[in-house]
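Asks: One structure follows; several queries about it will come next.
The values are calculated or read from the model by the stated rules, or taken from the named source; none is laboratory data. If you're wondering where the values come from, they're calculated on a predicted model, not measured in any experiment. Glycine gets a Cβ as well: all are built from the backbone with ideal geometry, and neighbour counts include every protein chain shown. For accessibility, only protein heavy atoms count, side chains too; no ligands or nucleic acids. Shrake-Rupley method; radii C 1.70, N 1.55, O 1.52, S 1.80 Å.
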Amino acid sequence: MACSPETIEKIAALLKGTNLQDLLSPQHVVILKDSATVEQSLKTLASKRILSSPVVAVPDVDVQEKGLAGNHQILGFLDVRDVLSSFLAELDGCGELPKMKMLQKMRLLEEQGSSFATTALKNLKVFGGDGDFLHTSEAAQTSVLDVIVNGLLNPGDRGWHKGKHIVTGTVHRVAIYDSLFRITNIISQTDIIKFISMNKDELGELASKTAAELGWASRPVVTVGPDVSAIEAMLLMNERQISALAIVDGVGKIIGNFSVSEMRTIMAEHFGALALPVGEFLALEHGTEFQGYSHIHEHEVVQSKGHK
């Protein structure tokens, strides 16, 4: 059931008539140096409970404290998926993970993870593409609709969208920078959704439509069973170029969700835990219990670093 032309025009007018600057507020932007290691960067992201941060080439300056990248080259965004995808790339040639026993898999991931944790961001194999950049002078003339269409959905049409990131066709965030290359704000997909939610009265009949009616439920859901390891789930997500998987039981009932956003607290010492069944890995990350995986009792597994 399509929306009426009047509703479409009303929504378009709202998005066109709202300037990007109207959505911006003072922010402390977390910045990472390209010389920072994977371990240092993951700790920073986890402490702030964020998935991504801009990366700059800054010699001998603690930009994390200042939150600025003035007069230094902006290299792109780093997100947790970049780190995990780079880690998976490092595992190439290390054996067939799906055929390994869990303990063998965990030892491999812990060993490789310890080495990988010392890698500088500038040396990652996957890095920098999930974000666009916009100068403040452009932001002053940019509507919310333009940010959605050209900043988030089609970032290659404008901006600094580049990098070695897995190509998904969209990005999740746009950073605003000034003439000194200081990053002053970051606008994300979530910010846009919040803006639309605050103006839901303007959506008319569209606000009551289901995801299926809007055509958002047309693609098949990619699923994994509860005994699949987290590392195998990550490999499948990379292969399909998706950001989430549904965890299903033996009869196909969804019992959980495994997504990149669940990784916002992952740190280098957790790489070994990626050998665990995906549900137990999520429980470990969130400090909860997942009863479906209580069968993990191998003494060596329980005592390993990845399980603590």
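Asks: Can you tell me which residue among V260, V222, V251, V278 is open to solvent by 40 Å² or more (accessible area, probe 1.4 Å) and of a type in the set (A, V, I, L, M, F, W, C)?
Replies: V251
Asks: Sticking with this one: I'm trying to understand the selection: among the residues of region 39-53, which are over 21 Å from T190 (Cβ atoms) and either of a type in the set (G, A, S) or in contact with a His (Cβ under 8 Å, 6 or more places away or on another chain) (or both)?
Replies: Passing the criteria: only S41.
Asks: In the list N238, N257, N199, which residue meets the criterion of being over 24 Å from the mean Cα position of the chain (by Cα) and either modelled with pLDDT under 90 or closer than 26 Å to R173 by Cα (or both)?
Replies: That would be N199, the only listed residue that is over 24 Å from the mean Cα position of the chain (by Cα) and either modelled with pLDDT under 90 or closer than 26 Å to R173 by Cα (or both).
Asks: Quick check on H295: is it of a type outside the set (F, W, Y), assigned to a helix (DSSP H, G or I) and either open to solvent by less than 70 Å² (accessible area, probe 1.4 Å) or at pLDDT below 85 (or both)?
Replies: No.
Asks: Taking the conditions exactly as written (open to solvent by less than 60 Å² (accessible area, probe 1.4 Å) and either at pLDDT 90 or above or on the phi < 0 side of the Ramachandran plot (or both)), does L68 satisfy them or not?
Replies: So L68 fails the test.
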